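The values are calculated or read from the model by the stated rules, or taken from the named source; none is laboratory data. All figures in this text were calculated on a predicted structure; none of them were measured in a lab. Methodologically, a virtual Cβ is constructed for each residue, glycine included, from the backbone with ideal geometry; neighbour enumeration extends over all protein chains shown.
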């Protein structure tokens with residue numbers, strides 16, 4: 001079979017125009033090229049792809065396929081591909097690459113991307129990569145690594161464009177032209193500094209280029225200027241970029257001196273990672289999960305939360321056991337009680353998801369907490385009444401017992417009301433206790449809705465039916 005790499009590349013672009021998904025034919029063609037050890041075809045298949053697409057492809061193939069591919073195509077891997085890989089997969093890929101390939105790849109990157117690659121590696125791997133850097137680049141990376149993990153100091157890049165605050169537009173343009181070979185690959189602002197290297201403002205490239213040469217930079221600075229402490233947690237940095245629509249921001253040390261800059265692409269990666277972590281934690285699969293993880297790694301992450309779920313399920317079963325005699329006398333109770341618990345669990349998850357997201361975005365605060373609690377209680381009550389009527393009718397029609405319809409209807413109202421309240425209050429309380437609400441809320445809310453659902457339904461059944 002003759003492979004036409006250009007035709008495959010064209011098909012990929014056509015099919016991914018809307019969804020940006022990689023075409024399945026690419027993986028099949030790559031597998032054939034690897035099996036045939038056809039390096040030329042592999043090069044042709046990879047050449048039109050963006051580094052992010054190559055990183056996705058590395059994650060989608062199996063470990064043996066990945067090893068065979070990289071053994072043949074290791075020279076094609078560049079720094080951009082490495083920076084796009086997830087942390088766990090990046091370690092596996094680096095282990096398959098020759099030292100000289102890694103060295104050449106990291107030399108192409110800005111300091112923040114190099115930090116992102118080396119910070120999670122073993123010490124010997126870190127040293128091998130650092131040895132490949134120029135002395136100035138190595139010093140910049142080591143300085144960034146001296147800051148605590150997940151802080152602005154780790155996130156920033158050391159390559160900056162800063163000029164004295166008293167300069168004019170003309171002086172700045174001449175300076176930039178003279179530094180053409182030493183500028184960052186991408187930058188958005190010219191940072192103004194005082195004699196002590198403290199940032200005092202910044203000017204966008206657009207305003208710089210559209211102003212006449214004699215204009216002072218201090219006269220065209222942006223109102224969005226907002227220095228970020230190097231010790232600030234990276235989730236707060238991402239929030240600031242999103243909240244204040246920043247494109248880049250200078251980073252300062254404890255004395256307020258300029259030490260780096262953070263750009264919007266890095267801030268948005270952090271924001272995306274925070275969202276992903278919240279979703280994974282809500283699902284109880286840990287805060288780091290990837291399709292490339294092994295069976296053992298995936299099992300270790302999921303087992304603890306399945307164990308917690310087992311304990312909470314036993315607690316709910318103990319409630320059911322207290323009404324064993326009632327269930328034995330009225331079999332319909334065993335048929336209907338899962339409905340009450342299931343509806344409560346779903347309602348609680350809805351409120352919980354809204355609350356966890358609002359806490360993460362700082363939209364849920366003490367000033368609007370009562371209003372939000374009241375809203376969720378109202379929603380739970382209204383939904384409870386509506387579904388109580390529905391299930392009341394179902395109970396009467398199905399089992400011919402009007403009081404059974406009253407019992408399940410009343411239990412539905414109680415459980416949906418409690419679910420709405422628990423979905424808000426549990427994550428708020430955990431957040432006040434400095435416990436990640438995304439990580440722990442699900443188990444607590446599910447336990448509350450199960451226990452309340454079973455207890456209210458079976459308790460009312462004992463009172464009204466027996």
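Quick notes on this one:
- Every residue from segment 33-46 that is surrounded by fewer than 14 Cβ atoms within 10 Å (Cβ to Cβ) and either more than 18 Å from residue 63 (Cβ to Cβ) or outside the structural domain of residue 74 (by TED's automatic domain parsing) (or both): 36, 37, 40
- Flag for residue 137 being more than 17 Å from residue 248 (Cβ to Cβ), loosely packed, with under 15 Cβ neighbours inside 10 Å and not assigned by TED's automatic domain parsing to the domain that holds residue 255: no
- Residues that are at pLDDT 85 or above and surrounded by 18 or more Cβ atoms within 10 Å (Cβ to Cβ) number at least 3 in the following helices (runs of 4 or more DSSP H) confined to segment 320-412: 331-360, 369-399.
- Residue within segment 176-184 that is in contact with a strand residue (DSSP E or B) (Cβ under 6 Å, 6 or more places away or on another chain), modelled with pLDDT of 85 or more, assigned by TED's automatic domain parsing to the domain that holds residue 235 and over 24 Å from residue 99 (Cβ atoms) present: no
- With respect to the conditions (1) at pLDDT below 85; (2) not assigned by TED's automatic domain parsing to the domain that holds residue 221, residue 157 lacks only one, and its number is (1).
- Options 396, 407, 379; residue that is assigned by TED's automatic domain parsing to the domain that holds residue 311 and within 22 Å of residue 355 (Cβ to Cβ): 379
- For the residues 118, 101, 169, the requirement of being within 30 Å of residue 54 (Cα to Cα), in contact (Cβ under 8 Å) with a residue 24 or more places away in the chain and buried (at least 20 other Cβ atoms within 10 Å of the Cβ) singles out 118.
- Every condition in (1) within 28 Å of the chain's Cα centre (by Cα); (2) part of a helix (DSSP H, G or I); (3) in contact (Cβ under 8 Å) with a residue 24 or more places away in the chain is met by residue 44 except one, and the failing one is (1).
- Hits in segment 87-101 (condition: at pLDDT below 80, more than 23 Å from residue 270 (Cα to Cα) and in contact with a helix residue (DSSP H, G or I) (Cβ under 8 Å, 6 or more places away or on another chain)): 99
- Strands (runs of 3 or more DSSP E) wholly inside segment 139-239 containing at least 3 residues that are out of contact with any helix residue (DSSP H, G or I) (no Cβ under 8 Å at 6 or more places or on another chain): 199-204
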